[in-house]
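Here's the structure, in structure tokens; my notes come after.
The values are calculated or read from the model by the stated rules, or taken from the named source; none is laboratory data. Note that the structure is predicted; figures quoted are calculated from it, not measured. Here the Cβ is made from the backbone with ideal geometry for all residues, glycine too, and neighbour counts use every protein chain on show. Ligands, DNA and RNA are stripped out before the accessible areas are found, and what is left, the full protein with its side chains, is counted by its heavy atoms. Shrake-Rupley method; radii C 1.70, N 1.55, O 1.52, S 1.80 Å.
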Amino acid sequence: MFEMNRAAGTVNQGNDARLQNAMRRASGGGKLTIGFLGGSITQGALSGTPQTCYAYLVYSWWKENFQMADVSYVNAGIGATTSQFGAARVGEDLLSYKPDVVFLEFSVNDESNVHFLETYEGLVRRVLSDEAAPAVVLIYNVCYDNGASAQLMHAKVGRHYDLPSVSMQSSIYPELLAGRIENRAITPDDLHPNDAGHELVASVITCYLETVREKLKESDGQAETTYILPAPLTANTYEHSIRYNNKNGISVEVEGFAKDTREQNGITDIFKNGWEASAQGAHIVFSLEGTGVSVQFRRSVNQPAPIAEILVDDDPATRMILDANFDETWGDKLDLLTVTEHMPGETHRVEVRLIETHEDDAVPFYLNAILMAD
């Protein structure tokens, strides 16, 4: 294991009342569910096995330190996704398991701007306000070649909600800049950790958890009991956002789009529960309530692929092109585009229409979902 100051990663000690309560229950032999929500790093990209990713290693810390407890693990990471999608899916993909502790990781997926400040806040508030009252720990990952991260924006949320926050930009990245750790020793692509990198990320997180565990010991197991949710920092239109796919999204008009009825094999089997179409002019219309519209669709490395457009309330100003051709090599992408934000909170007409197809299209156009901000 690399020698470094892991405590430097704790950029906000935060209100640890809920975390202490979870540890106190675990010390008494209770049941505990540890949940993770994030992108590809949380999913375990480039770790040798599912058991060597940082999330599983942090879960293992709970197992090892609270051996009387019945500790379970939920990894809800999906690669190449942002907190905007996270806010819309967290209820189904994670909170349905009633987690006691939730780790959130989106700092190399979100961009560092005010849009993702709002989506991230919506996700954080959605988790904090859940009836199970889980403890929340924020994780700020970093690109190891240039230090890029949404930590600047995410940390505003962390401080506003006084949440425990752990940063790789503040702990691991300085070690690389100083030459004490070589990039290729911990990551093959300067983004996704290898096994050694995942172990290092986990150690920064568990270093913080150790301080909370020691604090609980010193207080004779009597944890603080309160956490008060403050008022929103932003317009906060993403806290109750909803994902509409073919399981809950009822189209009011459809021509040429067909439901994908194949069974989904876990949450990372991402191109399921949507609609697909191949003919130019095919269209599908939804009538959905909310203040903002986003669209998820497949961009494919198999080309050529169709091109569609989306329009809200027949307003030309909302028109966006949905180009299903993806000029990358790592695989098909579940793309998410924000069409409108901060509209009146009423029912809106959302139409997706194919505007360009080709005789030799390699794949049909795949519409995954429409996301509505609240």
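Things worth noting here:
- Condition met for residue 168 (open to solvent by 10 Å² or more (accessible area, probe 1.4 Å) and either among the aliphatic types (A, V, I, L, M) or more than 19 Å from residue 208 (Cβ to Cβ) (or both)): no
- Being at pLDDT 95 or above, within 22 Å of residue 10 (Cα to Cα) and open to solvent by 70 Å² or more (accessible area, probe 1.4 Å) holds for only one residue in 255, 218, 199, and it is 199.
- Selected residue (only one of 185, 155, 88 is within 23 Å of residue 245 (Cβ to Cβ) and among the small types (Gly, Ala, Ser)): 88
- Pair list, Cβ under 6 Å, 6 or more apart: segment 238-254 residue assigned to a loop (DSSP other than H, G, I, E, B), other residue open to solvent by 40 Å² or more (accessible area, probe 1.4 Å) and not aliphatic (A, V, I, L, M): 239/126; 240/374; 241/374; 246/259
- Residue within segment 276-288 that is small (Gly, Ala, Ser), assigned to a loop (DSSP other than H, G, I, E, B) and open to solvent by less than 20 Å² (accessible area, probe 1.4 Å) present: yes
- Output for segment 342-374, where each listed residue is assigned to a loop (DSSP other than H, G, I, E, B) and crowded, with 16+ Cβ neighbours inside 10 Å: 343, 357, 361, 363, 364, 374
- Residues located in segment 258-275, provided they are open to solvent by 50 Å² or more (accessible area, probe 1.4 Å), part of a loop (DSSP other than H, G, I, E, B) and more than 21 Å from residue 241 (Cβ to Cβ): 261, 262, 263, 265
- Selection within segment 108-137 - among the β-branched types (Val, Ile, Thr), more than 25 Å from residue 24 (Cβ to Cβ) and open to solvent by less than 20 Å² (accessible area, probe 1.4 Å): 119
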